[in-house]
Amino acid sequence: GAVVSQHPSWVICKSGTSVKIECRSLDFQATTMFWYRQFPKQSLMLMATSNEGSKATYEQGVEKDKFLINHASLTLSTLTVTSAHPEDSSFYICSARDPLRELGDYGYTFGSGTRLTVV
Amino acid sequence: RKEVEQDPGPFNVPEGATVAFNCTYSNSASQSFFWYRQDCRKEPKLLMSVYSSGNEDGRFTAQLNRASQYISLLIRDSKLSDSATYLCVAGEYGNKLVFGAGTILRVKS
């Protein structure tokens, strides 16, 4: 149980274009999903918390107008990188937790990640 | 100061060795703790949760010391397949996870 699907796995786009990444919880309803970014040899950094039916909560230093998050249903959150630039190239990962499973025992499940390369 | 600190390694060990990783966290209000494993260019996968009473899962033993804000992971009888980056993670209020930068383990035959 607790499977999170993320798509696409990788994408190459031109500078200035926008890229949408989808994150789906397949066998549970996730009222909250999390979006992380990981640069090479660095830790995962939380970008924002995606809340179903309301605005996302962004971490300090993350531009909300650049990284648009939409959580329109209990099983889907999307992250759109707008006007992408080479410095946005990174590994983007979403995560969610089945609220029916104890956090202490099961932690969070991660999507498989999206490797974005902006050229 | 990083919120969760780990020795980046790499730890290069032979098969069958016992290896220990340590981690410290700065937020005393952290509520839950985990070790995740991340393979190259892949997503993190939960290895085990960490409790003050300690917990063991096969060759893996995790321990939490809240007074020292210190977490450990012990791997016994290392296998080649254990080679990965091990992420120490603290869960904070609001279900926020804070990750360490990871410790690289390389097990060699």
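The values are calculated or read from the model by the stated rules, or taken from the named source; none is laboratory data. Note that the structure is a prediction, hence the values are computed from the model and not measured. Cβ placement follows ideal geometry from the backbone for every residue including glycine, while neighbour counts extend to all protein chains displayed. Accessible surface is based on the protein model in full, side chains and every heavy atom, while ligands, DNA and RNA are left aside. Shrake-Rupley method; radii C 1.70, N 1.55, O 1.52, S 1.80 Å.
Here are the numbers:
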read-out: Accessible area per residue, Å², chain B with all protein chains present, probe 1.4 Å; value: 49 Å²
read-out: Unsatisfied cross-links (Cα-Cα over 26 Å) in the set A:K20/B:K2; A:K66/B:K96; A:K64/B:K45; A:K55/B:K45; A:K14/B:K2; value: A:K20/B:K2; A:K64/B:K45; A:K55/B:K45; A:K14/B:K2
read-out: Calculated [θ] (222 nm, deg cm²/dmol) that DSSP helices of n ≥ 4 give over chain A, each run adding -39,500 (n - 2.57); value: -500 deg cm²/dmol
read-out: Diffusion constant of the protein assembly as shown at 37 °C, which comes from Stokes-Einstein with the Kirkwood Cα-pair radius and 0.692 mPa s, µm²/s; value: 181 µm²/s
read-out: Chain B: projected area of the alpha-carbon convex hull, averaged over directions, in nm²; value: 6.6 nm²
read-out: In Å, descending, principal axis extents of the Cα set of chain A; value: 41, 30, 25
read-out: Exposed trypsin sites (Lys or Arg not before Pro) absent - longest run of chain B, DSSP non-H/G/I/E/B, at most 15 other C-beta within 10 Å; value: B:3-40
read-out: Loop-resident sites, the stretch A:2-82, for GluC sites (Glu not before Pro), counting at most 11 other Cβ within 10 Å (DSSP); value: A:E63
read-out: Projected label distance in nm at B:Y93 and A:D65, using a 7 Å step from Cα toward the beta-carbon; value: 3.2 nm
read-out: For residues of B:46-52, the mean tally of beta carbons on other chains within 10 Å; value: 3
read-out: Reduction of at least 40 Å² in accessible surface, 1.4 Å probe, comparing all protein chains with the chain by itself, residues of the stretch A:40-62; value: A:S43, A:L44
